[in-house]
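Structure first, then comments.
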Amino acid sequence: MTITIKHLTTQQEWMEAYCIMVQLRTELTVEKYLQLLKEMTQDGYMLFALYENKNIVAVAGLCWRVNFYSERHIFVYDLVTDEANRSRGYGEKLLHYLHQWGKENGAHYIALESGIQRGSAHRFYEDRLGYEKWCYSFRKAM
């Protein structure tokens, strides 16, 4: 078994990741995914994939951010492990990679949000990876 992690930069690579991303972002059509991804990458979004034997089994999308409370940090907007490959440590491997990558590139923190209903994901972040729950995130439709 060969594990590799790669920053995805081409439309072909993005399309290979779509079948994983849509497992979390179920409302995304291919057209909407590519449209938003093109715009997001112009704003600094980066999509990473963890491959097992040349097959994508997990993806993570992030941006660099700077603010008063987290200083220079990476914000993970998307973290998805393929449903058929969950509980095999792929999400953890991908996050550990991003922790190291962020640290090497000057991040003070790594931050993410997780849906209120995702209790098992919260336990994973807090108990397995040492994340702390420290705020609520709010949004309002415009």
Practice task
For Ile20, indicate whether it is of a type in the set (Val, Ile, Thr) and under 18 Å from Phe124 (Cβ atoms).
Solution key: yes
Handout entry: Criterion (within 27 Å of Gln12 (Cβ to Cβ) and at pLDDT below 95) met by exactly one of Leu34, Leu24, Leu28
Key = Leu24
Practice task
Within the range 107-128, track down each residue that is closer than 19 Å to Leu24 by Cβ and surrounded by 15 or more Cβ atoms within 10 Å (Cβ to Cβ).
Solution key: Ile110, Ala111, Leu112, Ser114, His122, Phe124, Tyr125
Problem - Residues (polar (S, T, N, Q) and more than 14 Å from Glu16 (Cα to Cα)) located in the range 54-74 - result: Asn67, Ser70
Practice task
Out of Tyr45, Tyr90, Tyr18, report the one residue that is hydroxyl-bearing (Ser, Thr, Tyr), modelled with pLDDT of 95 or more and touching a Cys at 6+ places or on another chain (Cβ under 7 Å).
Solution key: Tyr45
Completion exercise
Restricting the range 117-129 to residues that are within 17 Å of the chain's Cα centre (by Cα) and part of a loop (DSSP other than H, G, I, E, B), the one nearest to Ile3 (Cα to Cα) turns out to be Leu129
Problem - Close pairs from the range 81-101: first acidic (Asp, Glu), partner assigned to a helix (DSSP H, G or I), Cβ under 9 Å, at least 6 apart - result: Asp82/Cys19; Asp82/Ile20; Asp82/Tyr90; Glu83/Ile20; Glu92/Phe124; Glu92/Arg128
Handout entry: Some residue of the range 45-52 being more than 12 Å from Leu94 (Cβ to Cβ) and of a type in the set (Ser, Thr, Tyr)
Key = yes
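The values are calculated or read from the model by the stated rules, or taken from the named source; none is laboratory data. Since this is a predicted model, take the numbers as computed values, not measurements. Counting neighbours? That spans all protein chains shown, and the Cβs are built from the backbone with ideal geometry, glycine included.
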